[in-house]
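The values are calculated or read from the model by the stated rules, or taken from the named source; none is laboratory data. None of these values were measured; they are calculated from a predicted model. Cβ sites come from the backbone with ideal geometry, for glycine too, and all protein chains shown count toward neighbours. Each accessible area value is taken on the protein alone, full model and side chains, heavy atoms only, with ligands, DNA and RNA left out. Shrake-Rupley method; radii C 1.70, N 1.55, O 1.52, S 1.80 Å.
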There are 2 protein chains.
Amino acid sequence: MVQGHTVKAFTSELNALTHDVLRMGGLAEAMISDMATAFAEGDLELAQRVIGADREVDELEARIEREIMRLLALRQPVAQDLRSIIAALKVSNDLERIGDLSKNVCKRLIEMGDDLTSVGKGSVERMSRAVRLQLKSVLDAYSTENPQEAIDVWLNDEEIDEHYNSMFREVLTYMMEDPRMISMGAHLLFIAKNLERIGDHCTNIAEVVHFYVTGDELPLTRPKVSEMGRTKEA
Amino acid sequence: MVQGHTVKAFTSELNALTHDVLRMGGLAEAMISDMATAFAEGDLELAQRVIGADREVDELEARIEREIMRLLALRQPVAQDLRSIIAALKVSNDLERIGDLSKNVCKRLIEMGDDLTSVGKGSVERMSRAVRLQLKSVLDAYSTENPQEAIDVWLNDEEIDEHYNSMFREVLTYMMEDPRMISMGAHLLFIAKNLERIGDHCTNIAEVVHFYVTGDELPLTRPKVSEMGRTKEA
């Protein structure tokens, strides 16, 4: 923190807020991990539990938001304190979306049910691991107020994009070879997209952390390679 | 506003903030409309202009956010004023996402290029019109502080979901009938999904408006029918 707090209670309130955001992050991380296991093992009961866990994430977000409104009204924070509170609001919003995306993958697993084959299994596993690591790193960056770690996460998103593009092409090939794969392939394309979007939310969090710690914004765009191999802006 | 303002300047600052959010909404609405035209007429130059317009939306969001930080620090608002400022932050965040999704559809149009056929044209047109109306209504609700209009938008999202599910099945059928349609079909599935997500962001805005005006939250979940016809939670 840049300036000392005259109100000790406020410091502990801010710490509690960060703590709640990190707890939400831990839940989102567990959801990604369980989602990957549910996919790898075709464990639809686990998929159902991930869907249930999302409500906990939503409720935690609602609680964090109420606390933020209370702190803004009661403590009327300025400078770094204000930035940290707005950061908590934004990070919790991205974490809620990450939970939602993991839930959506699990809903697709349940819809696919018996159609779930081994196609794409390796890719989903690799991508899930990569996005979970991104989330873990960006939560570390948030917790330790480390802007360099935030920049690393931001740059690493390119790897997630590469995973996504390669999975997109792989699934498309299967669909072209066997029309019976088309319905399942469509689900797999959306699962890949959801994982890629989890990566994007980690990047958002990295930008928020960087701004909150340094006061400097990361540039708006980052070069990105599209599904079809052409360069576009992120 | 619930209570009178002692600081006249603050009232005009709040009005200017709402005005900026509405301007951002107007830009997002124009992006949806142009995106639909670009798709219907295969106008890739227009698609390119939509991609360019997204930067304006992003910059407006950044400006709104800076103004919000300044107002929070300087005016230290409470009660309804605080709620209106946080509402502006959240609404502008959803509008930024809507701009981004319209941009992404246009990027797909450009990638599809000469492959762009008439398949799905009617569905994309209907869906684009429906989500643009949702956005228009929810911006009206925000501008006139009308909670009932917000509830209507929230309930109408079901129609968007139905559009999406019917387009999903339509595109899948084409893909099954003709393997040469698979790559384009995959793009169309994502375009449909992006339009459905624009609808979801309108629903988010409706929830924010409802809370900001009434202080009451809408329930967390709404029944939703899945692509495969089964009922699930939104």
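From the list A:R126, A:R97, A:R132, A:R169, which one is touching a Ser or Thr at 6+ places or on another chain (Cβ under 7 Å) and among the basic types (K, R)?
Criteria check complete, one pass: A:R132.
From the list B:D20, B:D34, exactly one residue is farther than 30 Å from B:M112 by Cα and either part of a helix (DSSP H, G or I) or more than 14 Å from every other protein chain (Cβ to nearest Cβ) (or both). Which is it?
B:D20
Would you call A:M176 open to solvent by less than 40 Å² (accessible area, probe 1.4 Å) and either in a helix (DSSP H, G or I) or at pLDDT below 95 (or both)?
no
Name the one entry in B:I51, B:I110, B:I98 that is closer than 23 Å to B:I198 by Cα, away from chain A (no Cβ under 13 Å) and of a type outside the set (K, R).
B:I98
Just checking, which of A:S143, A:S123 is under 25 Å from A:F39 (Cβ atoms) and either more than 14 Å from chain B (Cβ to nearest Cβ) or among the aliphatic types (A, V, I, L, M) (or both)? Lay out the reasoning, then the answer.
Details: A:S143 fails: under 25 Å from A:F39 (Cβ atoms).
Going through A:S143, A:S123 in turn, the sole match is A:S123.
Taking B:V153, is it buried (at least 19 other Cβ atoms within 10 Å of the Cβ), within 14 Å of chain A (Cβ to nearest Cβ), assigned to a helix (DSSP H, G or I) and among the hydrophobic types (A, V, I, L, M, F, W, C)?
no
Based on this model, can you work out whether B:R83 counts as more than 14 Å from chain A (Cβ to nearest Cβ) and either in contact (Cβ under 8 Å) with a residue 12 or more places away in the chain or not in a helix (DSSP H, G or I) (or both)?
Details: more than 14 Å from chain A (Cβ to nearest Cβ): no; either in contact (Cβ under 8 Å) with a residue 12 or more places away in the chain or not in a helix (DSSP H, G or I) (or both): yes.
Against the criterion (more than 14 Å from chain A (Cβ to nearest Cβ) and either in contact (Cβ under 8 Å) with a residue 12 or more places away in the chain or not in a helix (DSSP H, G or I) (or both)), B:R83 does not qualify.
Going by the conditions given, is A:L46 buried (at least 16 other Cβ atoms within 10 Å of the Cβ), within 24 Å of A:D216 (Cα to Cα) and of a type in the set (A, V, I, L, M, F, W, C)?
On the way: buried (at least 16 other Cβ atoms within 10 Å of the Cβ): yes; within 24 Å of A:D216 (Cα to Cα): no; of a type in the set (A, V, I, L, M, F, W, C): yes.
Answer is no for this residue.
When A:I68 is evaluated against the numbered criteria (1) under 29 Å from A:L101 (Cβ atoms); (2) open to solvent by 30 Å² or more (accessible area, probe 1.4 Å); (3) within 14 Å of chain B (Cβ to nearest Cβ), which criterion, by number, is the only one it fails?
(2)
So which of B:S118, B:S123, B:S92, B:S128 is surrounded by fewer than 22 Cβ atoms within 10 Å (Cβ to Cβ), out of contact with any Gly (no Cβ under 6 Å at 6 or more places or on another chain) and touching a residue at least 24 places away in the same chain (Cβ under 8 Å)? If you could, list the steps in order and put the result at the bottom.
Details: B:S118 fails: touching a residue at least 24 places away in the same chain (Cβ under 8 Å); B:S92 fails: surrounded by fewer than 22 Cβ atoms within 10 Å (Cβ to Cβ); B:S128 fails: surrounded by fewer than 22 Cβ atoms within 10 Å (Cβ to Cβ).
So the residue among B:S118, B:S123, B:S92, B:S128 that is surrounded by fewer than 22 Cβ atoms within 10 Å (Cβ to Cβ), out of contact with any Gly (no Cβ under 6 Å at 6 or more places or on another chain) and touching a residue at least 24 places away in the same chain (Cβ under 8 Å) is B:S123.
Here is a yes/no grid of residues against (1) more than 29 Å from B:R70 (Cβ to Cβ); (2) of a type in the set (S, T, Y); (3) in contact with a Phe, Trp or Tyr (Cβ under 8 Å, 6 or more places away or on another chain); (4) modelled with pLDDT of 95 or more:
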| position | (1), (2), (3), (4) |
| --- | --- |
| A:A9 | no, no, no, no |
| A:E13 | no, no, no, yes |
| A:D94 | no, no, no, yes |
| A:G99 | yes, no, no, yes |
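Return the total of residues in segment A:134-148 being surrounded by 16 or more Cβ atoms within 10 Å (Cβ to Cβ), farther than 21 Å from A:E196 by Cβ and either touching a Pro at 6+ places or on another chain (Cβ under 9 Å) or without any contact (Cβ under 8 Å) to a residue 60 or more places away in the chain (or both).
1
May I ask you to list pairs of residues, at least six apart or on different chains, whose Cβ atoms are under 6 Å apart, with the first in segment A:166-191 being more than 9 Å from every other protein chain (Cβ to nearest Cβ) and the second being outside any helix (DSSP H, G or I) and of a type outside the set (F, W, Y)?
Filtered contacts from segment A:166-191: A:Y174/A:V119; A:L188/A:G120.
Since B:G25 meets every condition but one in (1) open to solvent by less than 40 Å² (accessible area, probe 1.4 Å); (2) within 14 Å of another protein chain (Cβ to nearest Cβ); (3) at pLDDT 95 or above, which condition does it not meet?
Among (1) open to solvent by less than 40 Å² (accessible area, probe 1.4 Å); (2) within 14 Å of another protein chain (Cβ to nearest Cβ); (3) at pLDDT 95 or above, the lone unmet condition for B:G25 is (2).
Quick check: is even one residue across segment B:213-220 open to solvent by less than 50 Å² (accessible area, probe 1.4 Å), touching a helix residue (DSSP H, G or I) at 6+ places or on another chain (Cβ under 6 Å) and at pLDDT below 95?
yes
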